[in-house]
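K.L.:
Take a look at the following structure, please.
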Amino acid sequence: MKLKTKELSNFLKKISMTGKQSIKTVVLDFSGEGLKINATAEEQLCRIMGWLKKTAFIEYEELGKVGMNDLPSVIKILDRFDEEIKVKKEGNLLTITGDKKKVEIELVEENFISTDVKEPALEFDETFILSSKDLKSVFNDLGMVKDAVLFVSTVEKKAIFSNTGKYKFTNSFDAPTCKGGVKVQMGSPFVDSLVNLDGTLEISVKSDYPAKIMEKNENSIITVIVAPRVEDEAE
């Protein structure tokens, strides 16, 4: 199997998320349709599903399931390779070979890694399109405010992102499909799960309900489901 190094590395960076939602243990399923991943963060607040299509590969081989318990390190290893790599699975080893470098990665038994293959059945009141650039601008605003809570709300033909704290930012984006009336609050898992996405995003929301974010491009589809922030009883 052969592919561009950055194609695989960038896909895995998106899947692995960041911060407290970082995915370390995962099953890479090299199926008949391409590489598929279903993973849930340890805190159970984010679920991510990814599909790197066969079209992303120069040469594709159905390797089956590959269990890993240190995905962030594997991504760092990939970034040490040149433009193209070959990937091969033999027993409990995954071998990655470049022009001048080779690494053998010990795998873990995939049967001991919990995965949910079905996307949960969720219904939403609003779905709108937002660029990852605009969303990262919101996240950068949040970075200036300690312990901020992010509110995602809709009015007619607008999606609004606002936050609590000393510096109360409001970002308003055109969203022709929005009817208005939805408001949901999100915490740091929303940022940690989405900050690595870099395409056009389809965002589905409902008041006090998990949000669904989907990134589609020519070679991959990534879907993230994030739980809403729930106020502590003391609050």
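K.L.:
Within the stretch 1-52, work out how many residues are among the hydrophobic types (A, V, I, L, M, F, W, C), within 14 Å of VAL226 (Cβ to Cβ) and out of contact with any helix residue (DSSP H, G or I) (no Cβ under 8 Å at 6 or more places or on another chain).
P.N.:
So the answer is 1.
K.L.:
Test of understanding: among SER193, SER137, which residue is in a helix (DSSP H, G or I), of a type in the set (Gly, Ala, Ser), over 24 Å from ARG47 (Cβ atoms) and in contact (Cβ under 8 Å) with a residue 12 or more places away in the chain?
P.N.:
The unique qualifying residue is SER137.
K.L.:
Residues GLY19, GLY67, GLY98: which one is of a type in the set (Gly, Ala, Ser), modelled with pLDDT under 95 and more than 17 Å from the chain's Cα centre (by Cα)?
P.N.:
The conditions single out GLY67.
K.L.:
Let me ask something else. Tell me, please, whether a residue that is assigned to a helix (DSSP H, G or I) and touching a residue at least 12 places away in the same chain (Cβ under 8 Å) can be found in the stretch 140-159.
P.N.:
The answer is yes, given that some residue of the stretch 140-159 is assigned to a helix (DSSP H, G or I) and touching a residue at least 12 places away in the same chain (Cβ under 8 Å).
K.L.:
Of all residues in the stretch 19-70, which are touching a Leu at 6+ places or on another chain (Cβ under 8 Å) and aliphatic (A, V, I, L, M)?
P.N.:
ILE23, VAL26, LEU28, LEU35, ILE37, LEU52, ALA56, ILE58, VAL66, MET68 - these are the residues of the stretch 19-70 that are touching a Leu at 6+ places or on another chain (Cβ under 8 Å) and aliphatic (A, V, I, L, M).
K.L.:
Out of everything in the stretch 142-157 that is within 17 Å of SER193 (Cα to Cα) and surrounded by 15 or more Cβ atoms within 10 Å (Cβ to Cβ), what residue ends up being modelled with the lowest pLDDT?
P.N.:
By that ranking, first place goes to ALA148.
K.L.:
Moving on to the next point. Residue check, ASP79 against (1) at pLDDT 95 or above; (2) surrounded by 13 or more Cβ atoms within 10 Å (Cβ to Cβ); (3) under 28 Å from PRO189 (Cα atoms), all met but one. Which one?
P.N.:
In the conditions (1) at pLDDT 95 or above; (2) surrounded by 13 or more Cβ atoms within 10 Å (Cβ to Cβ); (3) under 28 Å from PRO189 (Cα atoms), ASP79 misses (2) alone.
The values are calculated or read from the model by the stated rules, or taken from the named source; none is laboratory data. In this text the structure is predicted, and so the values were computed from the model without any measurement. Don't worry about glycine lacking a Cβ; one is built from the backbone with ideal geometry, like all the others, and counts go over all protein chains shown.
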